[in-house]
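The structure appears right after this line, and notes come after that.
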Amino acid sequence: MRPASLLPLLLALVASTTASVLALEPSATNAARTKASPASEAVGIRAESVAALEKLNSDSTTPWEVRWDGATGLPARIYGGSTEPLGATPEEAARAFLKRHSAVFAIASADRDLRTMEIRESLGGRHVRFLQHLRGLPVFGADVSVHMDRSLAVHTVNSAYVPLQGTADMAATVTREAALERARSAARVEGELRAPASADKVLFARDGKAAIAWLVMLPARSPLGDFQVVVDASSAEVLSLENLIRHAEAKAKVFNPNPVVAMKNNSFRDGNDADNSAWAGAYKEVTLQGLDSSGKLRGQFVDATLGTLAEEEPQAGPYNFTRNQKPFEQVMVYFHIDRAQRYIQSIGFTNINNRVQRANAHGTNDDNSWFSPATKELTFGDGGVDDAEDSDIIMHEYGHSIQDNQVPGFGGRGEAGAMGEGFGDYMASTMRADLTFQRECVGSWDGVAYSSDNPPCLRRVDSTKHYPEQIEGEVHADGEIWSASVWQLWNKLGKAVTDKLVLESHFHLSPQAKFADGANAILQADKSLFQGAHLKEIKQVFVARGILKSSAKLRISLKDKATGKPCAGRVNVSGLQASLQVPAGGLLEAEIAPGAYTMSVSSFGYLTQDGRAVEVQEDQTVDVEFVLESAPRFAVTGSVKRADTGEAVSARIYVADTPIEPVQTSGSAGTFSVELPAGKYTFKAVAFGFRASVLADVEIAGPRSLEFKLASLPPVLLVDDDDGASVETFFKAALTAGQFDVWTVKSDGQLTDDGLLGYPTVVWFTGADYRQTLSEQDQALIKQYLQAGGRLMLSGQEIAYSLKDTSFLKDVLAAEFVADAASVRKVKGASMEFAIEGGDGANNQQYPDVVKAAGAGSREYFAYDGDASGSAALALVRSGAKALYFAFGFEAIDTAANRAKVMKLALDFLRPTLAERASRLAAMDAMRQAAPAAEQTRWMALEESYEKLIAGELASASAADQARLRDLLARPAMAKFRILRTAGQ
């Protein structure tokens with residue numbers, strides 16, 4: 001059923017930038033970790049793109065579905081729709097579509113910006129791939145592909161196009177040789193390469209601008225990898241680093257397919273390549289086809305002679321070798337790859353990897369095999385069982401070669417990488433599917449060298465893993481989700497149909513494809529090849545696996561009973577973990593699994609409705625309307641006072657989980673008033689210099705009066721600013737209970753100046769986060785806090801690395817980045833020694849930074865024991881401020897006793913006297929004077945609150961503190977602070 005407009009649905013379904021619209025999409029995604037990838041802030045979906053999509057939908061015979069790119073706010077993929085043929089050739093049709101609908105992807109000029117890279121034909125259609133160019137240079141990773149049926153009607157577009165508002169520094173001051181050396185250093189490449197390196201100029205998009213860069217490819221031997229490194233051509237910064245090589249962890253060799261399966265016997269063992277009469281039944285006599293006239297194992301589709309020594313070169317047939325002879329594995333590589341290519345062509349695909357596949361059957365002594373995208377070669381290892389003795393391993397690696405040929409650069413990491421590993425396992429299984437013994441066990445011969453399972457599989461294609469909750473973030477483990485899904489299709493639809501669907505679907509993918517993209521590509525392949533005959537079965541498999549959402553839908557509408565106007569609200573549906581948020585337009589359409597549900601709705605200002613029953617069938621959209629009745633409203637009044645003196649406090653009152661704006665107290669009594677509908681609420685009073693006070697579950701059934709009593713701030717604020725595994729407990733345990741507050745950035749949001757300046761000392765940590773250790777707002781806030789004379793302990797192993805090119809590191813922290821990943825894990829200084837690994841610490845220090853003091857007031861506080869290149873921690877004393885910067889994670893200190901000792905040392909060093917805290921008033925007044933006019937009133941209120949806070953502590957201060965404060969107040973800069981001067985007399 002086609003909606004009249006996409007806009008309400010877009011607004012409803014994109015509460016986060018990874019949400020999808022009208023699509024069979026994943027319920028979650030798994031983000032891949034690359035240390036040097038360019039960080040991008042998630043942005044909202046672009047309104048211009050929404051409008052253009054509505055236009056596209058109105059012009060199409062079937063509705064389009066969308067997967068959004070959370071970094072750009074643009075579609076990463078549109079699919080499922082259909083246009084009329086737009087040109088006489090595939091390129092002409094593709095360009096016509098992109099010109100007509102350029103606003104969907106924010107393409108400035110399809111003719112100028114997009115250069116045709118490839119035009120391919122598959123059984124079901126035509127495929128045109130473009131690459132974005134600017135000023136004659138390609139934009140890194142900005143590929144666009146258009147996919148059409150055989151009539152040239154467009155049905156799918158993948159886009160990584162980057163709207164560029166301008167250019168950054170276009171001067172390539174870094175030479176090609178310097179870029180190659182920087183790339184080698186970043187990838188930690190040693191020794192000779194497996195093949196020549198390449199370096200080409202590209203543009204790299206950052207913050208909407210293009211910077212000139214070098215795209216370097218290093219086919220490395222040590223460590224093994226095809227390292228793709230992007231190096232900034234003006235600064236030599238590494239912008240992106242990725243290893244593209246395809247590895248197989250399985251080590252298995254081939255008979256037909258291997259001795260375990262051929263003999264139906266799991267007791268076989270390698271025996272150091274020994275051969276005896278027990279193996280006789282495992283060998284099968286075959287005909288090697290397509291050999292050339294050289295007399296070597298080289299032919300129409302395979303060259304198995306790589307790395308072969310002259311004395312090991314097999315002579316012209318017959319090739320009657322056994323497994324204890326080196327040429328045996330070469331014969332197996334030749335036979336199985338040749339057979340696979342001939343099979344692929346026999347089912348109609350004459351342009352999938354139709355080339356001579358070069359392979360080295362004995363390329364390494366390690367128990368490892370791989371496909372190299374840089375050299376297009378296969379390498380098999382001899383560790384454990386020789387890998388080329390197991391056809392499953394050969395077919396797995398050949399599967400990587402197939403996908404790289406269909407989609408260049410496919411599957412380096414993340415879900416695309418897992419799809420690549422899963423397809424390799426599927427390829428291994430389907431190529432020997434005529435044998436039923438342990439058919440779902442991949443690498444049963446290779447596995448005898450390392451697996452204790454029975455049977456000893458490398459992996460299986462019948463896993464019950466479910467997406468997304470069983471995603472592990474490792475491509476081989478996650479590949480079992482994909483292989484199990486397509487193997488289920490194999491069992492439902494048969495080999496002939498499924499092999500065609502899977503191979504055809506690859507043409508529709510981008511290198512960054514998600515599981516859901518792969519599933520939808522298989523659906524599209526079924527439409528192209530089989531007129532959609534198997535769509536139901538395909539959907540069932542991928543919905544059950546969690547990769548696709550059910551196509552059943554709820555269309556929920558909310559309206560006011562009295563006025564009939566639409567309302568926003570929250571709908572709870574039994575069985576769903578999260579509630580559904582209906583926007584202000586009053587309409588939400590959401591996908592849901594078929595079944596029976598009970599619904600309830602709550603909306604601020606209205607009576608709650610419970611118990612609405614609804615049943616949803618597959619491929620059905622059910623309309624559910626709630627007519628809401630206004631709830632009675634009552635006045636809530638109250639006051640905010642200091643807990644110690646009873647003095648009125650200027651504060652803001654928040655009513656949690658409501659659209660009510662914060663209410664500011666007024667008058668000398670610190671009173672407030674707000675009108676609320678009947679119900680239960682949580683109120684929070686927030687005032688500068690005081691701990692927030694919360695009144696929870698307050699029942700409002702009539703007029704109500706509330707009183708807040710605020711306690712003074714504790715000595716320490718702990719800021720939890722890590723974005724990975726939480727390490728907060730290590731800090732809490734080292735601090736004195738009741739003497740600190742906690743602000744968790746992930747849940748509490750961005751910290752503000754009025755939430756920070758009142759604390760005597762701040763302990764701020766970023767844990768193992770590497771994507772964005774300190775945001776620009778964080779940096780500005782810390783700078784302001786230190787300028788005001790604040791005391792800061794900052795901890796994080798990636799801070800210097802991620803901020804090495806910023807003025808914040810040098811000018812604010814007075815530090816300089818020396819190296820990433822300190823070579824030692826022992827730290828000494830301040831009369832103590834400890835380790836940052838082992839023990840009961842967090843054990844998370846993969847990349848502890850090495851830094852050195854830079855600027856006045858900065859000195860070494862802790863050193864790495866045995867590394868003289870720099871420091872582990874720095875101490876800064878400057879203009880009344882003090883800071884300790886730990887270039888490693890405090891949480892990794894090896895024992896609780898050592899953590900407690902280090903924390904005490906830090907707080908003793910940082911702790912300000914009352915006079916030092918009072919001196920912040922002069923700095924705050926200077927900040928007020930520099931602030932915009934609109935901020936003057938707020939800063940004056942902050943100053944007054946802080947002055948009262950210090951004055952309130954004066955009576956209980958020590959005689960020495962009182963004397964120091966009187967000396968401070970005698971200075972001219974403190975003359976204006978009358979409240980404090982009066983209290984000090």
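The values are calculated or read from the model by the stated rules, or taken from the named source; none is laboratory data. From a predicted model like this one, the values you see are computed outputs, not experimental measurements. Because the Cβ atoms are built from the backbone with ideal geometry, glycine has one as well, and the counts that use them run over all protein chains shown.
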Scanning segment 719-775 for residues that are within 20 Å of residue 892 (Cβ to Cβ) and free of Cβ contacts under 8 Å to residues at least 12 places away in the same chain gives 729
Is there a residue in segment 405-423 that is surrounded by 24 or more Cβ atoms within 10 Å (Cβ to Cβ) and among the polar types (S, T, N, Q)? no
Condition test on residue 470, is it farther than 19 Å from residue 347 by Cβ and not assigned by TED's automatic domain parsing to the domain that holds residue 126? yes
Would you point out the residue of segment 333-349, among those that are in contact with a Leu (Cβ under 9 Å, 6 or more places away or on another chain) and under 19 Å from residue 258 (Cα atoms), that is surrounded by the most Cβ atoms within 10 Å (Cβ to Cβ)? 333
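Can you tell me how many residues in segment 650-695 are part of a loop (DSSP other than H, G, I, E, B) and not basic (Lys, Arg)?
Here is the first cut: in segment 650-695, the ones part of a loop (DSSP other than H, G, I, E, B) are 650-651, 656-662, 665, 667-670, 678, 687-689, 691-692.
In the following step, the residues that additionally are not basic (Lys, Arg) were identified as 650-651, 656-662, 665, 667-670, 678, 687-689, 692.
Matching residues across segment 650-695 total 19.
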Which of the numbered conditions does residue 646 fail, given that it passes all the others? Conditions: (1) over 11 Å from residue 708 (Cα atoms); (2) assigned to a loop (DSSP other than H, G, I, E, B). (1)
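Is one or more of the residues making up segment 426-448 under 32 Å from the mean Cα position of the chain (by Cα), part of a loop (DSSP other than H, G, I, E, B) and surrounded by 23 or more Cβ atoms within 10 Å (Cβ to Cβ)? Can you show your working first?
First, pick out the residues of segment 426-448 that are under 32 Å from the mean Cα position of the chain (by Cα): 426-429, 440-443.
Still in the running and part of a loop (DSSP other than H, G, I, E, B): 440, 443.
Pick out the ones that are also surrounded by 23 or more Cβ atoms within 10 Å (Cβ to Cβ) and you get 443.
Within segment 426-448 (the criterion being under 32 Å from the mean Cα position of the chain (by Cα), part of a loop (DSSP other than H, G, I, E, B) and surrounded by 23 or more Cβ atoms within 10 Å (Cβ to Cβ)), the answer is yes, since at least one residue qualifies.
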With (1) crowded, with 23+ Cβ neighbours inside 10 Å; (2) over 21 Å from residue 438 (Cβ atoms); (3) in contact with a Gly (Cβ under 9 Å, 6 or more places away or on another chain) as the list, and residue 501 as the residue in question, which single condition is left unmet? (3)
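Out of the residues in segment 703-739 meeting the condition of being part of a strand (DSSP E or B) and more than 20 Å from residue 796 (Cα to Cα), tell me which one is modelled with the lowest pLDDT.
The extreme case among them is 712.
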Going through segment 109-123 in order, the residues found to be under 24 Å from residue 504 (Cα atoms) and not hydroxyl-bearing (Ser, Thr, Tyr) are 117, 118, 119, 120, 121, 123
Inter-residue pairs, beta-carbon under 8 Å, first of a type in the set (Ser, Thr, Tyr) and in segment 207-232, second in a strand (DSSP E or B) and surrounded by fewer than 22 Cβ atoms within 10 Å (Cβ to Cβ), 6+ apart: 222/190; 222/191
Given the structure, is residue 894 over 21 Å from residue 716 (Cβ atoms), touching a Gly at 6+ places or on another chain (Cβ under 6 Å) and in a loop (DSSP other than H, G, I, E, B)? yes
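From the list 935, 947, pick out the single residue that is in a helix (DSSP H, G or I), among the charged types (D, E, K, R) and either crowded, with 21+ Cβ neighbours inside 10 Å or assigned by TED's automatic domain parsing to the domain that holds residue 819 (or both). Reasoning before the result, please.
Numbers: 935 fails: either crowded, with 21+ Cβ neighbours inside 10 Å or assigned by TED's automatic domain parsing to the domain that holds residue 819 (or both).
Residue meeting the stated conditions: 947.
Assess whether residue 128 counts as being touching a Pro at 6+ places or on another chain (Cβ under 7 Å), at pLDDT 95 or above and hydrophobic (A, V, I, L, M, F, W, C). Walk me through it before giving the result.
Working: touching a Pro at 6+ places or on another chain (Cβ under 7 Å): yes; at pLDDT 95 or above: yes; hydrophobic (A, V, I, L, M, F, W, C): yes.
Yes; evaluated as a whole, the condition is true for this residue.
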Residue 352: in contact with a helix residue (DSSP H, G or I) (Cβ under 6 Å, 6 or more places away or on another chain) and in a loop (DSSP other than H, G, I, E, B), yes or no? yes
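Looking only at segment 459-485, count how many residues are assigned to a loop (DSSP other than H, G, I, E, B), in contact (Cβ under 8 Å) with a residue 40 or more places away in the chain and either under 14 Å from residue 266 (Cβ atoms) or of a type in the set (Gly, Ala, Ser) (or both).
If we filter segment 459-485 for residues that are assigned to a loop (DSSP other than H, G, I, E, B), which is where we start, we get 461-474.
Right, trim to in contact (Cβ under 8 Å) with a residue 40 or more places away in the chain and you get 466-469, 471, 473.
Now restrict to residues that are either under 14 Å from residue 266 (Cβ atoms) or of a type in the set (Gly, Ala, Ser) (or both): 473.
Final tally of qualifying residues: 1.
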Are there any pairs, at least 6 apart or on different chains, whose C-beta atoms fall under 9 Å, with the first in segment 391-410 and outside the structural domain of residue 282 (by TED's automatic domain parsing) and the second at pLDDT below 95 and buried (at least 24 other Cβ atoms within 10 Å of the Cβ), and if so, which? none
Restricting to segment 174-207, count the residues that are at pLDDT 90 or above, of a type outside the set (A, V, I, L, M) and outside any strand (DSSP E or B). 8
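Looking at segment 529-546, can you tell me whether even one residue there is over 25 Å from the mean Cα position of the chain (by Cα) and among the aromatic types (Phe, Trp, Tyr)?
The answer is yes; a qualifying residue exists.
Part of a strand (DSSP E or B), polar (S, T, N, Q) and under 34 Å from the mean Cα position of the chain (by Cα): does that describe residue 581? Let's see the steps before the verdict.
On the way: part of a strand (DSSP E or B): yes; polar (S, T, N, Q): yes; under 34 Å from the mean Cα position of the chain (by Cα): yes.
For residue 581, the condition - part of a strand (DSSP E or B), polar (S, T, N, Q) and under 34 Å from the mean Cα position of the chain (by Cα) - is met.
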